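**Q** Before anything else, here's the structure in question.
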Amino acid sequence: MKKILLALTAVAAMTGSASAADLGARPYVKAPMAAPVASWTGFYLFGGAGGGISASDQTILSTPTGLPLTIAQRQGASGWFGTVGLGYDWQFSGTWVAGVFADGQFGSISGTVQDPILGYTGKQKLEDSWAAGVRLGWLVAPNVLSYVNGGYSGAHFGSTNFTTLGGVASGVHLNGYNRNGWFIGGGVENNLNIFGIQSPGWFMKTEYRSAFYGAKTRDEISDATNLPTGINSIRANSWNQTISTSLVYRFNWTGPVVAKY
């Protein structure tokens, strides 16, 4: 009996060794590379277009004395514009983004200028403006940023050619001028992939902005002499509100690789 058990044990041992030899060494499988993590940190460029409205509080002054001849009258304006700009953002604390930016706007937001004392009326256009500021945002989703912004702004208002109330040339105009002020606003920026478009680095942003420019006094100018008429001047401020949509390109949207094996 003992001899039979010893024989069976020897056969089992030899069978196990042969099977292990047939299996061979376990193959090595390389771990997959981790997917890139998108980062909002980096430079970007943008361009777009939009529309705006403007309100201006205008007062007629006596040119010789500087005294007001009318109470302030609010005039409105509306129009369109294009915009281009650039900026840099920093992503911090996971879901917060802070940045600096600068942009320019060009177009035509046109409104009315009037001198009811002399019966003159004309059009004035906000022809171009610029802004430099900061923004702070929170990531609603990894590829969607909601933000507020604010900063310094400048604008150029074109000249105004007056006519009488009957539409006849008055022979009087206002020169164009520049004015500086400040702005506040906010918007939403999102990667275009959320619409099913595969476009790494490409974003779209929609932004509201409100800009305030202080009052400026301008003399009415004679067309014949290009000198002040010496009769009336117009003092006015400007408050502009705009909404724009822009296409944005971020240079490092794919971000750094978290780990590599």
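**Q** State whether one or more residues within the range 115-127 are under 17 Å from the mean Cα position of the chain (by Cα) and open to solvent by less than 40 Å² (accessible area, probe 1.4 Å).
**A** no
**Q** Taking the range 128-146, which residues are assigned to a strand (DSSP E or B) and surrounded by fewer than 22 Cβ atoms within 10 Å (Cβ to Cβ)?
**A** Of all residues in the range 128-146, those assigned to a strand (DSSP E or B) come to 128-141, 144-146.
Matches in the range 128-146: Asp128, Trp130, Ala132, Gly133, Val134, Leu136, Trp138, Leu139, Val140, Ala141, Val144, Ser146.
**Q** Just one of Gly48, Gly107, Gly85 is surrounded by 14 or more Cβ atoms within 10 Å (Cβ to Cβ) and more than 14 Å from the chain's Cα centre (by Cα); which is it?
**A** Exactly one of Gly48, Gly107, Gly85 is surrounded by 14 or more Cβ atoms within 10 Å (Cβ to Cβ) and more than 14 Å from the chain's Cα centre (by Cα), namely Gly107.
**Q** A further question on this structure: Looking at this structure, is Thr59 of a type in the set (Ser, Thr, Tyr), in a loop (DSSP other than H, G, I, E, B) and at pLDDT 95 or above?
**A** Working: of a type in the set (Ser, Thr, Tyr): yes; in a loop (DSSP other than H, G, I, E, B): no; at pLDDT 95 or above: yes.
Here the answer is no, as Thr59 does not meet what is asked.
**Q** Let me ask another. Among (1) touching a Pro at 6+ places or on another chain (Cβ under 9 Å); (2) over 28 Å from Leu165 (Cα atoms), there is one condition Gln73 misses while meeting the rest; what is its number?
**A** Against the list (1) touching a Pro at 6+ places or on another chain (Cβ under 9 Å); (2) over 28 Å from Leu165 (Cα atoms), Gln73 comes up short only on (2).
**Q** Any residue at all in the range 84-100 that is at pLDDT 95 or above and under 20 Å from Ser54 (Cβ atoms)?
**A** no
**Q** In the range 178-229, what count of residues is obtained for those that are closer than 22 Å to Leu61 by Cβ, part of a strand (DSSP E or B) and of a type outside the set (Asp, Glu)?
**A** 15
**Q** Name every residue in the range 60-69 that is open to solvent by 30 Å² or more (accessible area, probe 1.4 Å) and either touching a Ser or Thr at 6+ places or on another chain (Cβ under 9 Å) or among the hydroxyl-bearing types (Ser, Thr, Tyr) (or both), in order of residue number.
**A** Thr63, Thr65, Gly66, Pro68, Leu69
**Q** Here's a follow-up. Mind telling me which of the residues Thr164, Thr206 ends up being hydroxyl-bearing (Ser, Thr, Tyr) and over 30 Å from Gly94 (Cβ atoms)?
**A** Unique residue meeting the criteria: Thr164.
**Q** Mind listing just one residue for me: the one in the range 203-238 that is farther than 30 Å from Ala169 by Cβ and open to solvent by 20 Å² or more (accessible area, probe 1.4 Å) and, of those, farthest from the chain's Cα centre (by Cα)?
**A** Gly214
**Q** Further question on the same structure: Please specify each residue of the range 63-104 satisfying the condition of being among the small types (Gly, Ala, Ser) and assigned to a strand (DSSP E or B). Can you show your working first?
**A** Filtering the range 63-104 for residues among the small types (Gly, Ala, Ser) gives 66, 72, 76-79, 82, 85, 87, 93-94, 98-99, 102, 104.
Result: Gly76, Ala77, Ser78, Gly79, Gly82, Gly85, Gly87, Ala98, Gly99, Ala102, Gly104.
**Q** Collect the residues in the range 180-198 that are at pLDDT below 95 and surrounded by 14 or more Cβ atoms within 10 Å (Cβ to Cβ), keeping them in residue-number order.
**A** Asn190, Asn191, Leu192, Asn193
The values are calculated or read from the model by the stated rules, or taken from the named source; none is laboratory data. This structure is a prediction, so every number in the text was calculated from the model and none was measured. All Cβ positions, even for glycine, are placed from backbone atoms using ideal geometry, and neighbour counts span all protein chains on display. Each accessible area value is taken on the protein alone, full model and side chains, heavy atoms only, with ligands, DNA and RNA left out. Shrake-Rupley method; radii C 1.70, N 1.55, O 1.52, S 1.80 Å.
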